[in-house]
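One structure is given below, encoded as structure tokens.
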Amino acid sequence: MIESLHISNYALIDQLDIDFDGGLNIITGETGAGKSIMLGALSLLLGGRADTKVVRDATRKSVIEATFTVSDYAGLKEYFASNEMEWDDNRCILRREIAPTGRSRAFVNDSPVNLAMLRGVALQLVDIHSQHQNQLLATPEFQLEIIDCLAETSEKLSVYRQHYEDYRRRRRKLIETREMIAKNASDAEYIRFQLDQLRSLNLQPDEQAQLEQERDTLANMTGIKQSLQSLLSLLSDGTHNALSMLEKAADECNTLAGNIDSASELSERLESATIEVRDIVETLQDYDENLQADPERLESVDERLNDIYSLQRKHHVDTVEELINIQKALARKLRAIANSDDTLDELRRLMEEAQEKALALAEEISSMRKKAASEFSERLKATALPLGMKNLKVEIAVNRSKLNINGCDNVEFLFAFNKNQTPMPVGLTASGGEISRLMLSIKALIGKKMQLPSIIFDEVDTGVSGDVANRMGDMMRDISSTIQVITITHLPQVAAKGRSHYKVYKEDNDIQTMTRVRRLDEGQRISELALMLSGSETEPTALAAARALIEDSEKRNN
């Protein structure tokens, strides 16, 4: 339940702190006193849009914070775990801050979160029933949500949606493959032509680098041969070449060996150098013998490289390896075209298999909905009867639809409020007061199943009075036996049912008007009810009537 609510620097509210009780909490006040401002602030905790216009003092931020009791609330604990949020076994604190610049920040248990996560938590803690939600009663989505709540389809729906997404994924794969095959089939001749071009070259990995090196060698053969001759001349040809000079130097070192101890070592080193140079000379001679100008080979290499370069430009790639990959992809496309019927048959089989699984679960869910709809229509009539709706007719149709994320059903609520009236959609036949009473009856039936710790009714009793208001108050009090209820009302018959009573009022100082809230004691509560009854807090008859309302409420409660 909501333990406390803090609002600061928001619209007419400078600072407001309220501690709520379990059971039925009543909020009253004159029109314009600020009750709707409180709800507007609270709606920000449900992910509502932040507006800088609500920031009262542009020099500081606006803060809305609510503390909830959450002990033994397993569903919420699982939500925290799945979203890696810090969990407290006793309390959950939601906070929304709005800077004067319009920047909004959200927190859960003092940890920053995004708005979606804040809303995900808040929707499991509180349900705000307002005039806007009355309009929801006319929407198919809300009607389906009500039936699903009563039918307790959540677990089956979760499994169904997995099968449905699998079906959609396989169906998408079938469609995409069919489109690809159709496109490839129309391009088959061109694909085959491209593949033949690539295959005709018989491309090999690393071929391009080897060919380019060979081309460079063949193209520069004259210069290469000149360099080889020059090297051989320096190393081994002529009278004064490096090899003969090294041999002579080794001989001189041998002569010195008899007189200088280290000369023999130098001689050995020179002989090793001589052997190394002789080996280099032999390698260069091999190069010189094997490297011959070959114009025909050069032409052949150039042609091969030009063919490769041409295909690279055509396919917008830079390497032979990329061309080989394209060749493999084109071959796969042709195989796919050749085997298209088998491929499509297999994908169609997989799609139909997933569709059958989803449809089987959808049928089970549909049966649950139809049973719940039949029971709900009777229970709704019985619940609404004491609220002055003795001629109410309710027809809830669960009609077949195409398979979708919610199953295979369309739900439609039809109502008639008068004798001999054909049931029609609620938006075409009900007054605002009738819709309010219907919604209260629905919340009374589904409140326990919703597993919400708190529910807020915002003037749900609009448009009713007298005995009907008294019965609506009884209904709210009955709901509050298992769920904390906070009710904003203008009706004394409803206000008298409360366990706790809060008054919203305006207070002026020299420069501004502010919204305040105070908790009423027993005497103040009687005065407030008298004011609501007669417009006077002190009129004796009104005070007596107020006491009678409270006494009657206590008797009914006992």
In segment 413-422, anything open to solvent by less than 90 Å² (accessible area, probe 1.4 Å), farther than 15 Å from Phe142 by Cα and free of Cβ contacts under 8 Å to residues at least 24 places away in the same chain is listed as Phe415
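Could you say whether any residue in segment 110-120 is of a type in the set (S, T, N, Q), touching a helix residue (DSSP H, G or I) at 6+ places or on another chain (Cβ under 9 Å) and open to solvent by less than 70 Å² (accessible area, probe 1.4 Å)?
Here is the first cut: in segment 110-120, the residues of a type in the set (S, T, N, Q) are 111, 114.
Then keep just the ones that are touching a helix residue (DSSP H, G or I) at 6+ places or on another chain (Cβ under 9 Å); that gives none.
No, that holds for no residue.
Yes/no per residue for (1) open to solvent by 30 Å² or more (accessible area, probe 1.4 Å); (2) part of a loop (DSSP other than H, G, I, E, B):
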| residue | (1), (2) |
| --- | --- |
| Leu16 | no, no |
| Ala33 | no, yes |
| Ser36 | yes, no |
| Ala41 | no, no |
| Arg60 | yes, yes |
| Ile64 | no, no |
Taking only segment 448-506 into account, find how many residues are basic (Lys, Arg) and within 34 Å of the chain's Cα centre (by Cα). 2
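Yes/no matrix, rows are residues, columns are (1) of a type outside the set (Ser, Thr, Tyr); (2) in contact (Cβ under 8 Å) with a residue 60 or more places away in the chain; (3) in contact with a Gly (Cβ under 7 Å, 6 or more places away or on another chain):
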position: Leu42; (1), (2), (3): yes, yes, no
position: Gly47; (1), (2), (3): yes, yes, no
position: Asp51; (1), (2), (3): yes, no, no
position: Asp57; (1), (2), (3): yes, no, no
position: Thr67; (1), (2), (3): no, yes, no
position: Gly75; (1), (2), (3): yes, yes, no
The one condition Ser82 fails out of (1) without any contact (Cβ under 8 Å) to a residue 24 or more places away in the chain; (2) touching a strand residue (DSSP E or B) at 6+ places or on another chain (Cβ under 9 Å) is (2)
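Could you please give the count of residues in segment 537-550 that are under 17 Å from Asp521 (Cβ atoms) and either without any contact (Cβ under 8 Å) to a residue 24 or more places away in the chain or more than 53 Å from the chain's Cα centre (by Cα) (or both)?
Taking segment 537-550 and keeping what is under 17 Å from Asp521 (Cβ atoms), we get 537-538, 543, 546-547, 549-550.
From what is left, the residues that are either without any contact (Cβ under 8 Å) to a residue 24 or more places away in the chain or more than 53 Å from the chain's Cα centre (by Cα) (or both) are 537-538, 543, 547.
Result for segment 537-550: 4.
Every residue, every condition in (1) small (Gly, Ala, Ser); (2) surrounded by fewer than 22 Cβ atoms within 10 Å (Cβ to Cβ), yes or no:
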| residue | (1), (2) |
| --- | --- |
| Ala444 | yes, yes |
| Lys449 | no, yes |
| Ile455 | no, yes |
| Asp461 | no, no |
| Ser465 | yes, yes |
| Val468 | no, yes |
| Met472 | no, no |
| Met476 | no, no |
| Val485 | no, no |
Inspect segment 346-363 for any residue being surrounded by fewer than 16 Cβ atoms within 10 Å (Cβ to Cβ), of a type in the set (A, V, I, L, M) and at pLDDT below 90 and give the result as yes or no. no
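State all residues of segment 375-412 that are part of a loop (DSSP other than H, G, I, E, B) and loosely packed, with under 15 Cβ neighbours inside 10 Å; if no residue qualifies, say none.
Initially, segment 375-412 is screened for residues part of a loop (DSSP other than H, G, I, E, B), giving 388-392, 405-406.
If the condition is that a residue be part of a loop (DSSP other than H, G, I, E, B) and loosely packed, with under 15 Cβ neighbours inside 10 Å, then Lys390, Asn391, Ile405 are the ones that fit.
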Consider Arg369 carefully, then state whether it is under 16 Å from Gln143 (Cβ atoms), in contact with a strand residue (DSSP E or B) (Cβ under 8 Å, 6 or more places away or on another chain) and assigned to a helix (DSSP H, G or I). yes
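The values are calculated or read from the model by the stated rules, or taken from the named source; none is laboratory data. A quick note: this is a predicted structure, and the numbers were derived from the prediction, not measured. Neighbour counts are summed over all protein chains in view; Cβ atoms, including those assigned to glycine, are modelled from backbone coordinates with ideal geometry. Areas reflect the complete protein model, heavy atoms only, side chains present, ligands, DNA and RNA absent. Shrake-Rupley method; radii C 1.70, N 1.55, O 1.52, S 1.80 Å.
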